[in-house]
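Data block below; observations after.
What follows draws every value from the coordinates through simple rules; no lab data is involved. Not measured: the values here are computed from a predicted model. Cβ sites come from the backbone with ideal geometry, for glycine too, and all protein chains shown count toward neighbours.
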C-alpha cells in the first residue's frame, strides 16, 4: 500500500525525490494553511512543515495515519510534542542544516552596521561624500556575548574565531566541547551583564524564554549593547525593546524574527529605523540556497534512520 506525504511548502526537490524513492506519494500543497491541513491530515502518513503550520493536539487527533512529522528548520514550539509522544509520532527537525546561514547573517548584521555601509551608500546616492562621519568600528575590539550555544550559537562562535573578538557564552549546559574558538569561554549571566557590548540570542521559544528580552532584563547590562535576535520572535517583547532603544540601554537592535510575522511597522519602529537604531530583515537568516538543499538532505537522512518507514 502506497504511503502518502503532505509537503506544505516549496522545499528543495531533493526532499520530494528522496521521499518518492522511499515509496511515498507526495502531495505538494505549497499554499496550505493549518486549517486546510486539518481537513486532509487523516489521509497522510508523513507531514512536512516549515514555520507556517502549527501542529496542535486538535490536528493530531485527526491524523489517524500519521507516523512522522518533518520540521524543516528548527523551532519545535509549533508542534505539540507531548501529543506526538502519546500517539507514537516521530518528530524530526533539521536545525543543523541552516546553522551556518544563520551565523553568517548575524555577522552581516554586525559588519554592515559597524562599517556604516548602508548609510554611506545612501548618502552617496544623495550626492554626499562623507568620510569622517562614517568612520567605522572594528569587531575585534568588542566583547560579544552569545546566549544559547546549540547549532546556531556554536557555529557563530567558531565563525568569529578569525576576528579575535572576546566572546562570552551563556548556556545551561557545558558547551566547551563544541567550541574551537580560542577567544571564547563559557560565562555567567552576571559576567555578561557586566562586560558585553554585543549580545546575540540563539535560544528556543518555550515558557521560560517567552519575552526574556524585556525592559527589566535589558537594564541589567552595564553598557549600552547592540542586540541581535535571529532565534524566535517570541523571546523579545518588542515594545520594551523600542523603549530600551529610545532610553539608551540598547544602542542598536538587529532583528530577523518577530512575534507576529509578517511584522507591521509602526511609526515608532519606522522612526527607529530612520535613526539607525533598528535594523530588520524578514526572517531570512537561515534562508540561503545552500541551507535549503542541506536541510532537505538532512531530513531524508533522518527519516531513513527512523522505524516508521
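Is the shape of the range 1-62 best called rounded, prolate or oblate, per the rule: a/c under 1.5 gives rounded, else a/b larger than b/c gives prolate, else oblate, with a ≥ b ≥ c the square roots of the Cα gyration tensor eigenvalues? Don't skip to the end; give the middle numbers.
Values: a/c = 2.33, a/b = 1.37, b/c = 1.70.
Judged from the Cα gyration tensor, the range 1-62 comes out oblate (a/c at least 1.5, b/c at or above a/b).
Between helix 238-247 and the chain, what is the angle of the helix's C-alpha long axis to the longest principal axis, kept within 0 to 90° and rounded to the nearest 10?
Result, in degrees: 10.
Using a Förster radius of 45 Å, what is the FRET efficiency between residue 54 and residue 273 based on their Cβ-Cβ separation? Nearest 0.05, please. It would help to have the intermediate numbers written out before the result.
Values: r = 30 Å, r/R0 = 0.66.
Efficiency at R0 = 45 Å is approximately 0.90.
Under 15 Å from a label point 7 Å along Cα→Cβ of residue 239: give me every residue in the range 206-225 with its amide N that close.
Correct set: 211, 214-216.
Distance in nm between label sites at residue 185 and residue 297, each 7 Å beyond Cα in the beta-carbon direction?
Each label point is offset 7 Å from its Cα along the Cβ direction, giving 3.7 nm.
Using alpha-carbon pairs under 8 Å, 6+ residues apart, how would you state the relative contact order of the range 98-280 in percent?
Working: 306 pairs, mean separation 30.4, N = 183.
The value is 17 percent.
Label-point separation (nm) for residue 22 and residue 111, each offset 7 Å from Cα along Cα-to-Cβ?
Label at residue 22, label at residue 111, 3.7 nm between them.
For the chain, with a Gaussian network of springs between Cα atoms less than 10 Å apart, report the residue from 224, 182, 204 with the top mean-square fluctuation.
Answer for the Gaussian network model of the chain: 182.
Multiplying the sequence separation of residue 265 and residue 96 by 0.36 nm and subtracting their Cα-Cα distance, what value in nm do you get?
Details: separation 169, 0.36 × 169 = 60.84 nm, distance 3.11 nm.
Full extension of this stretch gives 57.7 nm more.
Would you mind classifying the range 98-280 by shape? Square roots of the alpha carbon gyration tensor eigenvalues, ordered a ≥ b ≥ c; an a/c under 1.5 is rounded, otherwise it is prolate if a/b is larger than b/c and oblate if not.
Details: a/c = 1.71, a/b = 1.25, b/c = 1.37.
Verdict is oblate for the range 98-280.
Does the range 155-211 come out rounded, prolate or oblate, given a ≥ b ≥ c as the square roots of the eigenvalues of its C-alpha gyration tensor, rounded meaning a/c under 1.5 and, failing that, prolate meaning a/b above b/c?
Details: a/c = 1.81, a/b = 1.48, b/c = 1.22.
Since a/c reaches 1.5 and a/b is larger than b/c, the shape of the range 155-211 is classed as prolate.
For the chain, what is the convex hull (Cα atoms) projected area averaged across all directions, in square nanometres? Display every interim value, and only then the final one.
On the way: hull surface 71.1 nm².
So the Cα hull casts an average projection of 17.8 nm².
So how much slack lies between residue 14 and residue 176, counting 0.36 nm per residue of separation and subtracting their Cα-Cα distance, in nm?
Working: separation 162, 0.36 × 162 = 58.32 nm, distance 3.45 nm.
Stretched out fully, the residue 14 to residue 176 stretch lengthens by 54.9 nm.
Can you give the FRET efficiency to the nearest 0.05 for residue 288 and residue 206, using r as the Cβ-Cβ distance and R₀ = 22 Å?
Numbers: r = 27 Å, r/R0 = 1.21.
Calculated transfer efficiency: 0.25.
Before rounding to the nearest 500, sum -39500 (n - 2.57) across all DSSP H runs of length at least 4 in the chain and divide by the residue total; then give [θ] at 222 nm in deg cm²/dmol. Write out the running numbers ahead of the final one.
Working: 12 runs with 107 residues, N = 309.
Taken over the chain, the calculation gives -9500 deg cm²/dmol.
Identify the residues of the range 81-121 with backbone N under 19 Å of a label point that sits 7 angstrom from the Cα of residue 42 along the Cα-to-Cβ direction, or state none.
Answer for the range 81-121: 87.
Please find, in a Gaussian network model of the chain (springs between Cα atoms separated by less than 10 Å), the residue of 277, 87, 251 whose mean-square fluctuation is greatest.
Looking only at 277, 87, 251, the largest GNM fluctuation is found for 87.
Evaluate E = 1/(1 + (r/R0)^6) for residue 161 and residue 306, where r is the Cβ-Cβ distance and R0 equals 30 Å; express this FRET efficiency to the nearest 0.05. The partial results should precede the final answer.
Values: r = 35 Å, r/R0 = 1.18.
Step by step, r from the Cβ atoms, then E = 0.25.
Pop a pseudo-label 7 angstrom from the Cα along the beta-carbon direction at both residue 61 and residue 33 and give the gap in nm to one decimal.
About 2.1 nm separates the two model spin labels.
Using alpha-carbon pairs under 8 Å, 6+ residues apart, how would you state the relative contact order of the chain in percent?
On the way: 554 pairs, mean separation 50.3, N = 309.
Relative contact order of the chain: 16 percent.
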